[in-house]
1. Just the residues that are out of contact with any Leu (no Cβ under 7 Å at 6 or more places or on another chain) and not in a strand (DSSP E or B), please, taken from segment 229-257.
2. Residue check, S24 against (1) in contact with a helix residue (DSSP H, G or I) (Cβ under 6 Å, 6 or more places away or on another chain); (2) surrounded by fewer than 22 Cβ atoms within 10 Å (Cβ to Cβ); (3) among the hydroxyl-bearing types (S, T, Y), all met but one. Which one?
3. Which is β-branched (V, I, T) and more than 16 Å from ligand 1 (Cβ to nearest atom), of V165, V128?
4. I need every pair where a residue in segment 47-70 that is outside any helix (DSSP H, G or I) has its Cβ under 6 Å from the Cβ of a residue that is hydroxyl-bearing (S, T, Y), sequence separation at least 6 or different chains.
5. For residues in segment 178-201 being closer than 28 Å to E57 by Cβ and surrounded by fewer than 21 Cβ atoms within 10 Å (Cβ to Cβ), which is farthest from ligand 2 (Cβ to nearest atom)?
Amino acid sequence: MFNMIHYKSKEEIEIMRESALVVSKTLAILAEHLEPGITPLQLDKIAEEYIRDQGAEPGFLGLYDYPNTIITSVNEQVVHGIPTDRPLEEGDIVGIDCGALMNGYYGDHAYTFAVGEIAPEVKQLLEVTKKSLYLGIEQMRAGNRLGDIGYAIQSYTESFGYGVVRELVGHGLGKKMHESPEVPNYGKRGRGQLLKEGLVLAIEPMINMGTRRVIQLSDGWTIVTADKRPSAHFEHDVALVDGKAEILSTFDFIEETLKKKGALVV
Ligand code: MG
Ligand code: MG
């Protein structure tokens, strides 16, 4: 049935942790190479090579006919930005979303990077979006409902005047990249699907500095903000284990790399 949620055993969750880790390490490799002047297409090649070296397959390549390994959403691009040969510039932000398939299970997560120095208001957008992800994750516990996750993300980010994208949402994750349920970044406390042991979700706030309204470009993929102001996106893979959230992916490798380079860590 289309709406069926596939709850995972602890063994499956351990396998999924490996898939998530491939993505975490891929993003860290990209963090190393991320400098003004590099192109998203160059990053895409690096990512594909690294994922295959780990014995995994790129999770997005070919999915719904998507043409690349990573998704690179620059500045006003919210998500689904196709890598191009336009070099990244000082002051840009780039959300890199990456998927990997290993041992039959997907990992899928994302981090928004600063390219060189960025404006203080953009830095705040990154900080708030990342924090909202963790506030959402905190709500993933036995007895809570999906709406508690969305409410936590929405109430925090809207308190800064930011717009929460409605058209795109997080999702269940497992043998398929996109499983039930949908995980909106907005919602009402105590509403929606009950959260149960073995649920694995990709939680992924997409937060706009200005209006929440978005437009899809004519390439059929790229989603941009309607007011062209920047947007940020952070994503983790999270399992409900022993009644609490367990984050399967990690930003640790990315942030160690950024610190070593002296780059911004939000
Ligand atoms: Mg993703
Ligand atoms: Mg996702």
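The values are calculated or read from the model by the stated rules, or taken from the named source; none is laboratory data. Note that the structure is a prediction, hence the values are computed from the model and not measured. Glycine also receives a Cβ, built like all others from the backbone with ideal geometry; neighbour counts cover every protein chain displayed. The area values use the complete protein model at the heavy-atom level, side chains included, leaving out ligands, DNA and RNA. Shrake-Rupley method; radii C 1.70, N 1.55, O 1.52, S 1.80 Å.
1. Residues satisfying the conditions are R229, D242, G243, L248, S249, T250, F251, D252, F253, E255, E256, T257.
2. (2)
3. The conditions single out V128.
4. That search, which allows pairs on different chains as well, returns P58/T69; G59/Y106; F60/Y66; L61/T69.
5. In this case the residue turns out to be G198.
Yes/no per residue for (1) within 25 Å of E179 (Cα to Cα); (2) of a type outside the set (D, E); (3) open to solvent by 10 Å² or more (accessible area, probe 1.4 Å); (4) without any contact (Cβ under 8 Å) to a residue 24 or more places away in the chain:
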{"site": "Y106", "(1), (2), (3), (4)": "yes, yes, yes, no"}
{"site": "H109", "(1), (2), (3), (4)": "yes, yes, no, no"}
{"site": "A119", "(1), (2), (3), (4)": "no, yes, yes, no"}
{"site": "L125", "(1), (2), (3), (4)": "no, yes, no, no"}
{"site": "V128", "(1), (2), (3), (4)": "no, yes, no, no"}
{"site": "S132", "(1), (2), (3), (4)": "yes, yes, no, no"}
{"site": "L135", "(1), (2), (3), (4)": "yes, yes, yes, yes"}
{"site": "M140", "(1), (2), (3), (4)": "yes, yes, no, no"}
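Residue-wise test of (1) surrounded by fewer than 18 Cβ atoms within 10 Å (Cβ to Cβ); (2) under 19 Å from L173 (Cβ atoms).
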site: N3; (1), (2): yes, yes
site: H6; (1), (2): yes, yes
site: M16; (1), (2): no, yes
site: D53; (1), (2): yes, no
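Condition check ((1) without any contact (Cβ under 8 Å) to a residue 24 or more places away in the chain; (2) of a type in the set (V, I, T); (3) open to solvent by 20 Å² or more (accessible area, probe 1.4 Å)) across all residues:
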{"position": "S73", "(1), (2), (3)": "no, no, no"}
{"position": "E76", "(1), (2), (3)": "no, no, yes"}
{"position": "V79", "(1), (2), (3)": "no, yes, no"}
{"position": "L88", "(1), (2), (3)": "no, no, no"}
{"position": "V94", "(1), (2), (3)": "no, yes, no"}
